[in-house]
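Presented below is the structure to which this report refers.
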Amino acid sequence: MTTVALKDVTKVFRDGTIAVDKLNLDVNDGEFMVLLGPSGCGKSTVLRMIAGLEEPTSGAVLLGGDLVNDLEPGDRGIAMVFQDFALYPHMTVGGNLAFPLRLAGIEPSPREERVADVASALGIGDMLGRKPSQLSGGQRQRVAMGRAIVRRPGLFLMDEPLSNLDSGLRAELRAEISGLTRELGVTTIYVTHDQAEALTMADRVAIMRKGVLQDVGTPTQVYGRPATLYVAAFLGSPRMNLLEASVYVHLDRYITLSLGDQALHLPWDDIRSRAVAHYHGERIVIGMRAEALTPVAPDAPGHVLMGRIRYLEHHGHESLAFVDIGATAVVVDQMGTPVQDVAGPRGRSRLGQVMQRLTGRGGEAEQPAAEPAGDNRASVLSDPGRHHRRPAELAVRLAPYPAVGPGHPLAVSVRMDALHFFDERGDRIDVGWR
Ligand code: ATP
């Protein structure tokens, strides 16, 4: 068992790409840490530096408290499982599982015992005589896991090990992997771009964007109190509603959060009101998850926003209504650059811009052109004349196949204690506790 510590770790590739930028991360003994982020954010590079397959440009990698920057991969006590789990095709399952033990010089009798134990733990005990070509994708992945486990490593590194499997099998193996690693008590670092995988499997999640660590915490912490606008937008389905709001303080009474045509009022005795009050006369971003919004009668008491349904999405167990409330949305694209920040040829593909103009939506999934890593967050709200502004479509959960449809008015009650506040740089406005 082991701990992992990354101290100011940076990786700049030969072509100048800053894949990882001053990363500081501690992984506890026996912890299941998930590195989460979109494609290209640097997750695999972090894993490869821990494994010794990539050399950090600067910074220190410590395993069990020891500096290992100069230690060969084979001497680090690590087992890796990749997306492309390459098994030896000419060897049986038993042969594949036994291979690392043979290399380590373990005698045949204890070797067979360990192989049998691992195979039975993974539910592949009756397949030891088969070749990989005679296995399903899920079974092959179990063998790959088994081959990693059988060496009893101090640390597991897993790079999107389930991404080639269908969704049913993924969910099944997800539970198996987290169960097994916890049972073995092995420290595990698991890379994925799938937030569902991260939130269901992790003890803690580290969220990266463009080589920079954005937030680390338990799934409840990063989901419930995201440190940045990017993390807020990245986690959760449907995505968090992010609205531009102007702040007006009515001292000792309440704070008006103007959303355009309508306003919400944050009571003065709300624990967050002092922090938000600093932004008097300025604009901030308000985040509302769908679970903070409940459809109500138009004359219901409390904090109610009125809107009109633009369109509905039916998901079987529920429907989502997208409601126009006359507010302005702040759109954070997949790579985390707020749309207002990337408007123009530098950040948005031509197709994205055209789609945006034609449809008024749909361009947000476009990935911006490669930019250097680092703290490149410009204001998400400044210069309103230049940046793209989009009418907000508030995602609200409704019963499956509701009686209402596009064009219908909808009143929505807002749970004020479930709102998130971010400043124009995308940092959380809060009182600092978690
Ligand atoms: P994915 O989920 O797609 O695997 P990732 O988050 O794991 O992505 P990395 O593979 O770590 O991302 O890559 C981070 C950045 O470094 C990317 O911009 C990638 O193009 C770049 N990169 C990776 N390897 C090299 C290399 N050998 N030379 C130059 N750039 C590289």
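The values are calculated or read from the model by the stated rules, or taken from the named source; none is laboratory data. Since this is a predicted model, take the numbers as computed values, not measurements. Methodologically, a virtual Cβ is constructed for each residue, glycine included, from the backbone with ideal geometry; neighbour enumeration extends over all protein chains shown.
Just one of the listed residues (Thr200, Thr187) is of a type in the set (Val, Ile, Thr), touching a strand residue (DSSP E or B) at 6+ places or on another chain (Cβ under 6 Å) and either closer than 30 Å to Gly37 by Cβ or within 16 Å of the ligand (Cβ to nearest atom) (or both), namely Thr187.
Taking residues in the stretch 47-62 that are in the same structural domain as Pro161 (by TED's automatic domain parsing), and partners anywhere that are charged (D, E, K, R) and assigned to a strand (DSSP E or B), the pairs with Cβ atoms closer than 6 Å and at least 6 places apart or on different chains are Leu47/Asp159; Pro56/Lys11; Thr57/Lys11; Gly59/Lys7; Gly59/Asp8; Ala60/Lys7. On the given criteria, is Val231 of a type outside the set (Asp, Glu), in contact with a helix residue (DSSP H, G or I) (Cβ under 7 Å, 6 or more places away or on another chain) and free of Cβ contacts under 8 Å to residues at least 40 places away in the same chain? When the stated conditions are applied, Val231 passes them. Please verify whether Val27 is away from the ligand (no atom under 15 Å from the Cβ), closer than 20 Å to His193 by Cα, crowded, with 19+ Cβ neighbours inside 10 Å and assigned by TED's automatic domain parsing to the domain that holds Ala104, treating the condition exactly as stated. It is true that Val27 is away from the ligand (no atom under 15 Å from the Cβ), closer than 20 Å to His193 by Cα, crowded, with 19+ Cβ neighbours inside 10 Å and assigned by TED's automatic domain parsing to the domain that holds Ala104. Somewhere in the stretch 5-14, is a residue within 8 Å of the ligand (Cβ to nearest atom) and in contact (Cβ under 8 Å) with a residue 12 or more places away in the chain? Scanning the stretch 5-14 turns up at least one residue that is within 8 Å of the ligand (Cβ to nearest atom) and in contact (Cβ under 8 Å) with a residue 12 or more places away in the chain. Does Pro238 count as buried (at least 21 other Cβ atoms within 10 Å of the Cβ) and in a loop (DSSP other than H, G, I, E, B)? It is false that Pro238 is buried (at least 21 other Cβ atoms within 10 Å of the Cβ) and in a loop (DSSP other than H, G, I, E, B).
Being acidic (Asp, Glu) and closer than 24 Å to Arg310 by Cβ: is that true of Glu424 here? Break it down into steps so the answer makes sense when it comes.
Numbers: acidic (Asp, Glu): yes; closer than 24 Å to Arg310 by Cβ: no.
No.
Could you say whether any residue in the stretch 249-258 is within 20 Å of Glu291 (Cβ to Cβ) and in contact (Cβ under 8 Å) with a residue 60 or more places away in the chain? There is no residue in the stretch 249-258 that is within 20 Å of Glu291 (Cβ to Cβ) and in contact (Cβ under 8 Å) with a residue 60 or more places away in the chain.
Residues in the stretch 132-183 that are closer than 26 Å to Gly52 by Cα and within 16 Å of the ligand (Cβ to nearest atom): Leu157, Met158, Asp159, Glu160, Pro161, Leu162, Ser163, Asn164.
Within the stretch 278-295, the residues that satisfy the criterion of being crowded, with 16+ Cβ neighbours inside 10 Å and not in a loop (DSSP other than H, G, I, E, B) are Arg283, Ile284, Val285, Ile286, Gly287, Met288, Ala290, Ala292, Leu293, Thr294, Pro295.
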